[in-house]
Structure formats: C-alpha cells, structure tokens
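Step one of this worksheet: look at the structure below.
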Amino acid sequence: MIQTTNYNLSKPELTDTVGVSIPALSADMDIIDTQIKGLANTALLAGNGYFKDKTTGFIIQWGNLTITSSNGSRVTFPLAFPTEVLQIVTSQQDGGGNVINTIGKTGFNIGMIGKSAWFAIGH
C-alpha cells in the first residue's frame, strides 16, 4: 500500500495522516540542530590557532613569533584557557634558547631574541 500526503504548507496547523503537526516537528528539529551544533568542536586553523574539544574542554593552541627586543615579549593565546594551562613547549627556530615565565590563562612571557614557535595545552 502506498501512502501519499498532500501538504498545504501555508497552513501552520496542518497535520499529516499520522496526526503529527508539521510545524511542531520543524520546531523540534530546530532544537535538535541547535543542541548538536553546541556540541561541535571548534578550531582556528591558522599560523596562531587552536582546537577545542567541546565535550571535554581540552584545548590545544600553537603559534609563531619573532622578537627583536632583548626584553622578550608577551604571547597572548588565540583563546583563553578557562580553567588552567597544563603545558607550554617552545622551540627557538634560529638557535639559542627560550625562557618562559608569568604563565596565565590568557598567555605567557617569553624571553629570547629571534624566531620561535610555541605549543600549549590545557582546559
């Protein structure tokens, strides 16, 4: 048996042959869609970027910088860590070494001259 339904979408109270309101189903689907999008991971895939797992809150961030002052520089994370920074790793790309201090949820200070890359994890 083939069942066909002829919908008149200009009538918001329209029901199908099972008796379910079409607008009500549409509203339910909008709610589900919003909930699914709220669970989606987010990322900024750039030279200075991040990945955030929305389920666990785990965040990975990275970046590059060039410093010309002997006083070093402040690195600001692309996304603040809401709870804590677990680890920061730096790599000076033109010799020498890096000194990291004053680590916070929004960034850290790095003392060096030259080009460097950094990687941070936290939640």
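The values are calculated or read from the model by the stated rules, or taken from the named source; none is laboratory data. Fair warning: this is a prediction, and the values are worked out from it, not measured in the lab. Here the Cβ positions follow ideal geometry from the backbone for every residue, glycine too, while neighbour counts run over all protein chains shown.
Observations
- The set of residues in the range 53-81 being within 19 Å of residue 99 (Cβ to Cβ) and of a type in the set (Ser, Thr, Tyr) consists of 66, 68, 69, 70, 73, 76.
- Close pairs (6 angstrom Cβ cut-off, 6 or more residues apart or separate chains): free of Cβ contacts under 8 Å to residues at least 60 places away in the same chain and of a type outside the set (Lys, Arg) in the range 45-56, surrounded by 13 or more Cβ atoms within 10 Å (Cβ to Cβ) and assigned to a loop (DSSP other than H, G, I, E, B) anywhere: 48/78; 49/78; 50/78; 50/79
- Qualifying residues in the range 33-47 (those that are at pLDDT below 90 and assigned to a loop (DSSP other than H, G, I, E, B)) - the one farthest from residue 78 (Cα to Cα): 39
- Within the range 105-120, the residues that satisfy the criterion of being loosely packed, with under 15 Cβ neighbours inside 10 Å and within 19 Å of the chain's Cα centre (by Cα) are 105, 106, 119.
- Taken together, 102, 83, 90 contain a single residue that is exposed (fewer than 12 other Cβ atoms within 10 Å of the Cβ) and over 18 Å from the mean Cα position of the chain (by Cα), which is 102.
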